[in-house]
Amino acid sequence: MSGASMKVRATRNGVILCALFLGVGGVVLSVVWRDGSPPVLRAYPRATQVCDRYGAPLRIILGETGMDCRPVALEQCSPWLAKALIAAEDKRFYRHRGIDLFAILRAVLLNSWHGRITSGASTITTQVVKMNQPASRTWRTKLREARAACQLETRMDKPAIIERYLNHVSLGGVRVGVESAALYYFGKHASDLSLAEAAALMGLPQAPSRLRPDRHIQRTHTRRHYVLGQMLKCGMITEALYTRTVSAPVEIFPRREVFDAPHFCDYILQQEPGADMVRSTLDRNIQRTIEEVLSVYHARLARQGIHGAAIVVIEVESGAVRAMVGSPDFFDAAHDGQYNCAVAPRSPGSALKPFVYAMAFDQAICMPGSMIRDEAMAYRQFVPENYDQTFSGQRTVREALVQSLNIPAVKVLERVGVWPFLQRLKSLGITTLTRGADHYGVGLALGGCEVTLLALCNAYACLARLGEYAPVRFCEEETPVVGARMFSKDAAYMMADILKDSARWGGIDTSSCHAPLPLIALKTGTSSGLRDAWSVAYNPEYVVGVWLGNPDGAPSEHLVGAQAAAPVARDIFRHLYPAGDSPWYARPASVVQQSRCTKTGRLAGRACETTYEDIGCTGGQVCMDCAAGRGRHEKIQIVSPAPGAQFRKVQGLPGVTQDVLLKARAPGSREVYWFINDIFYCVARADEAVYWPLEKGAWRITCSTDSGDAIVEVTVEDG
Ligand SMILES: [Zn+2]
């Protein structure tokens, strides 16, 4: 008998022995081992993922032990994955109960034949156990794993085990699970993998590092060939499909590591700790737009000593934050690039004025066409000054707001009340106003407080929504909540109408973009000390807020809202509406075009000579002054004596005083003061007749009231 035939016989005996041993032992073990506590499945090393509104990843934060695992349901995996897995790793998966006795037997035989380990007998289930609790490869651990696999099968059905495997298998580098690997190697979701891609991925578990497609494409190809062959053998694919697939090259599209919208992602991760997948409201296209616009301005701003910038875009209808930038360069450590200025409290300057006026419209304190005097005044410790330090006299509310005059805003806030205004700002979501009304005083109208750009933009979103407040949203899946009405539709409409004038006001537009400017409402703000420049612009669809300054609060003479920040906001709107066709508001029926008296600013009566037009709510005070012939702003006039009158004092009339009647028309004045050659003569009621005795000479007769003087000159001769 030859040695070879002896070996064959020995092997045959071995087969019988092993079969008996394993058959009996295995059945006994698999029954006994099912009892006892099943293995506790550990959580996946889930990566946290922040996506934009369309699901495009913005940021991946690696999970436990630095792994990138994105668990998905089996239904979200291409059906080829499970097939390729079963063909490559465990053909009798649906027939065994955790351990594959036939495979073990075959492995024992093959290994003893070759004298070394060439074939494993581990099932998908035992591999799931191994992934769950990696342990050294000893016979003891192998037995323990086999026992755990049997227990697992009693608790989980086959598809659940496949799902667990597909999500937990190591697929090269930090990639754990098919979703993460599919995204990384093929730039697509696991659900979209083709047969070729699924076969390539399911070839990897054998040696994930050695077979990585992004490093060793030839090895991946060879291994895929094997997996496809196994699938063909199992009847999972046809000969034709096999031939077609096996000859195609392995095509990989490695995805770059994403790190988009860093300030936004940081902020959202703070708001949603522990979430593994955040479908955010961010719109990557709008985000890219604001980043591009800011980059155009960045160099110029830096030359002007402005190193910080923040931009927020909110969608009006939903309150969703569609874009956010917190600094010009996240990686600029010298200027606190990682600090998010969009959520930093800063002084808003004039940016709060529209809210003062909108409240005043609702209380019928004034309308856009009302007149308001811009004059010096002092409030206790506080002397408001207009930005250009001049006082401009009689202005309409529209002009006062468009030119951002300070004194009218303070006067209107006085009427509205500081406390109600403060409460309103808080209701609009401005949470940084933590002090009492006394602390802020009327200076609140001029931004003597701190707000964040984000909160300010959301307050403007309320105006843009024509008065309805909605909390700001960061998660796309959250249902938008429309909250309380803060302003009437009329007041909000009138505000938008004024601020659309403001959008085009402010001299030279230093924008870098020359596309047509769509119709927008815009308000600027400049903090005292030139530390912050603001601009918030809106239309019925978007609110765009821009803040410029330095994170450390350093001032710059260029930090003026209208000059520095407004062009940035305008440019963003130009990019949002490249054709220049932005939607606008329909005028509510209760807001009408009104004719007002130029003298009083009240609704024009029949007697008012000159008038101007502006919008306002129906009703309001009609000018009575013109009708009464005593326009309040008419000049004082001396009725008697007539200017240039010549009098003759007749001599030789003893006992008779020769007097001249002094009479003035002084509308709106109760008392008048008479002066003769600048020397006080008397005070009289406005309608009182006063007499002055004739005296030879040339005389200047002055009648003086609070609102002005009138002078006539007369001569008296002896006759
Ligand atoms: Zn009038």
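In table form, for the structure just shown:
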{"item": "Over the range 520-581 - Rg/Rh using Cα atoms and the Kirkwood inverse-distance radius", "result": "1.05"}
{"item": "Computed over the chain, Kirkwood Rh from alpha-carbon pairs, angstrom", "result": "32.7"}
{"item": "Chymotrypsin sites (Phe, Trp or Tyr not before Pro) within the range 72-157: DSSP coil, no more than 15 neighbouring Cβ in 10 Å", "result": "94"}
{"item": "Label-point gap, in nm, between residue 415 and residue 304 - each point 7 angstrom along Cα→Cβ", "result": "3.5"}
{"item": "Percent antiparallel among DSSP beta bridges (both partners in the chain, rounded to 5)", "result": "85"}
{"item": "Charged-residue dipole, Cβ positions (Lys, Arg, Asp, Glu), the chain about Cα centre, Debye nearest 20", "result": "4500"}
{"item": "Angle between the chain longest axis and helix 139-155 axis [Cα atoms, degrees, rounded to 10]", "result": "60"}
{"item": "Calculated FRET value between residue 613 and residue 481, using beta carbons and R₀ = 56 Å, to 0.05", "result": "0.90"}
{"item": "Segment residue 240-residue 210, length gained on full extension (0.36 nm per residue, minus Cα span)", "result": "7.8 nm"}
{"item": "Residue-normalised accessible area of the range 637-718, expressed per residue, 1.4 Å probe, Å²", "result": "62"}
{"item": "The chain - percent of accessible surface contributed by carbon and sulfur, probe 1.4 Å", "result": "54"}
{"item": "Alpha carbon centroid spacing (whole Å) that separates the range 416-439 from the range 90-158", "result": "69"}
{"item": "Once exposed loop GluC sites (Glu not before Pro) are cut out (DSSP; at most 12 other Cβ, 10 Å), longest piece of the chain", "result": "1-256"}
{"item": "Inter-centroid distance (Cα atoms) of the range 187-246 relative to the range 320-371, Å", "result": "55"}
{"item": "The chain: relative contact order in percent, alpha carbon pairs under 8 Å with at least 6 residues between", "result": "9"}
{"item": "For the range 529-596 versus the range 662-693, the gap between their alpha-carbon centres in whole angstrom", "result": "53"}
{"item": "Spherically averaged projected area in nm², based on the convex hull that wraps the Cα atoms of the range 118-232", "result": "7.7"}
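The values are calculated or read from the model by the stated rules, or taken from the named source; none is laboratory data. The model shown is predicted, which means the values in this text are computed figures rather than measured ones. Please note: Cβ atoms are built from the backbone with ideal geometry, for glycine as well, and neighbour counts cover all protein chains shown. The protein model used for the area step is the full one, side chains on, heavy atoms only, and it has no ligands, DNA or RNA in it. Shrake-Rupley method; radii C 1.70, N 1.55, O 1.52, S 1.80 Å.
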